[in-house]
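Q: What follows is a structure written as structure tokens; I'll ask about it next.
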Amino acid sequence: MAQTLCQFEQVDVNKYVFELPEAQSINHIVVFLLGTVPFEPGYAATVHLLWPNKDWQMLGVLSNDKPSAIFRLKSTAGSQYANMTGINAELGISIEPIQSIEQQMQNQGALVSAANQSGSIPLQTAKQFAERTLQSLYDYATSFATKPDASMGMLGSGASVQVLPVKVFEDWYGTFLRKLQRDPATTMQN
């Protein structure tokens, strides 16, 4: 169900918050400027998300040159909210000087880069990334599972068997590599 939220709360001179009801059920969110009032020269906005009992997480940036963005929320919540209802999150918008935003983006990229260069990703982060990656592969691959038929020439005990075309794994792997090359930080977080 698509929903447009236009009501926000101004929490500081340049900071705004939108309440996201039933946020655990939101897969993606689109944030955009209407185009009627551009940012002042030298300014842009960072977009953040706050889940209950977590810290603010920066999702991305909006600017006069990039007035809209789509963010995937489902993966930012973690599995703890998957089977719950009534979970509200907050979407935060902070209007800041572009230099400050660039510094934040560099710092965020530096953390991922440092982990990649040193090879020392915290064990819990690596474990979560591996679990999410394998769950993604399992969910994707099993959606293509079929029962073998006589044309497949399979011999067996007659036990319940399902088969997967190798192309399913090739397609998933290709998509995963493209995401990783395009944006390693987001891929590690999602």
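Q: For Lys147, give me every one of the lysines with a C-alpha distance below 23 angstrom, ignoring sequence neighbours fewer than eight places off in its own chain.
A: Lys167
Q: Please calculate the 1.4 Å probe accessible area of Lys167, with all protein chains present, and give it to the nearest 10 Å².
A: About 120 Å², ignoring ligands and nucleic acids.
Q: At a Cα cut-off below 12 Å, give the aspartates and glutamates reachable from Lys54, other chains included and same-chain residues fewer than 8 away excluded.
A: In chain and number order, the partners are Glu90.
Q: Can you sort Leu59, Leu164 by solvent-accessible area, 1.4 Å probe, largest first?
A: Sorted by accessible area, descending: Leu164, Leu59.
Q: Note the full-extension length gain between Asp12 and Tyr173 as 0.36 nm times their separation in residues minus their Cα-Cα distance, in nm to one decimal.
A: 53.5 nm
The values are calculated or read from the model by the stated rules, or taken from the named source; none is laboratory data. Everything numeric here is computed off the predicted structure, so don't read it as measured data. Each accessible area value is taken on the protein alone, full model and side chains, heavy atoms only, with ligands, DNA and RNA left out. Shrake-Rupley method; radii C 1.70, N 1.55, O 1.52, S 1.80 Å.
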